[in-house]
Amino acid sequence: MKRLAIIILNIMLLMPVLAVAQQEETYDYWQHQRDMVRRGQQAIFMCNGLFTSNRTLEQIFEQELAFFREPIGTPDGGDYEVLWDRRAVEIGAPGAVPVMRAAFREGIGCVILPPDQTLEDIDRLPELTLPYPPGDPAQIPWPDGDFIENTILPSNVDEEKLLAASNWAFDRESPEQVTLSLIVVYNGQIVHERYAPGFDITTRTRTWSTAKSVASTLIGMLVDEGKLVLDDPLGFDWYPRVRSPEADPRNEITLRHVLNMSSGLETVDNGGLEYAIGSGMSYWAGASSVVGARSRAVIREPGTYW
């Protein structure tokens, strides 16, 4: 009896260890999507470098792709194809992971295509053609043009600290970022401007997250015009559809909440899944960001957590 009790006790002591072992996941269930996203990333970076910035493959592999752990190919070739006439890039070979494609569209830049789209779908993608403003930008004062009237640094700006910050931006070691250009504006005046080798004031680049500032400014203009209301509900049809959609707590989310990044919707872009699901799939693999947002569950009261 005593021996049986000891055996039972040992089993009970082992149970928490076994439970922890069962809860740990060592298999990456998202590896397929990570590989697809990596291909999509390289497609966007190469397309942007070649057709937006008009740079060479050598420059792109040296700078834009510098933080990629294992970029596909080299400037001399590899498992990718540049379609110069279509202004598009294909990354990877057909297989378990799909070929990812990015194409340049006038006035928009490079667009990632979903895996089920081919080169034949490029012409159906939107373009934005606007006439250039009149006059020579070099002769028009900034911000309407490129001419800088006053190059004297304001007396209350510490030049040494300004240069130190600039050097940090360009020279720091970063696993995922390379600074290609920097402009510092103080009281409506450009006080510092700098570019990495191979870039200058005329080099077009992808806007990245500066698009958030542009978008919020445009939204603010529409609010001033009375065409948008910050505190009105978004008015979405949320997923999944339920029997009583009017009772969906996500109906309380307003435009202000979204602009403040306090919608309360579950965020999936963390915990090692940044490049596997969520916005990573939208940005780099062509998934619908609208469907993704409308499918998120609300986990906090809107407006209470940033």
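The values are calculated or read from the model by the stated rules, or taken from the named source; none is laboratory data. This is a predicted model, so every value here is computed, not measured. Cβ placement follows ideal geometry from the backbone for every residue including glycine, while neighbour counts extend to all protein chains displayed.
PRO98 - would you say it is farther than 20 Å from SER53 by Cβ and either polar (S, T, N, Q) or at pLDDT below 95 (or both)?
It is false that PRO98 is farther than 20 Å from SER53 by Cβ and either polar (S, T, N, Q) or at pLDDT below 95 (or both).
Could you tell me how many of the residues in region 165-183 are exposed (fewer than 11 other Cβ atoms within 10 Å of the Cβ) and either touching a His at 6+ places or on another chain (Cβ under 6 Å) or modelled with pLDDT of 95 or more (or both)?
Here the count works out to 1.
Being surrounded by fewer than 13 Cβ atoms within 10 Å (Cβ to Cβ), of a type outside the set (D, E, K, R) and under 24 Å from the mean Cα position of the chain (by Cα) narrows it down to one residue among SER213, SER244, SER279; which is it?
Among SER213, SER244, SER279, only SER213 is surrounded by fewer than 13 Cβ atoms within 10 Å (Cβ to Cβ), of a type outside the set (D, E, K, R) and under 24 Å from the mean Cα position of the chain (by Cα).
Restricting attention to region 141-157, report how many residues are without any contact (Cβ under 8 Å) to a residue 12 or more places away in the chain and surrounded by 11 or more Cβ atoms within 10 Å (Cβ to Cβ).
Here the count works out to 3.
Based on this model, can you work out whether ASP237 counts as touching a Pro at 6+ places or on another chain (Cβ under 9 Å), closer than 29 Å to VAL258 by Cα and assigned by TED's automatic domain parsing to the domain that holds LEU265?
It is true that ASP237 is touching a Pro at 6+ places or on another chain (Cβ under 9 Å), closer than 29 Å to VAL258 by Cα and assigned by TED's automatic domain parsing to the domain that holds LEU265.
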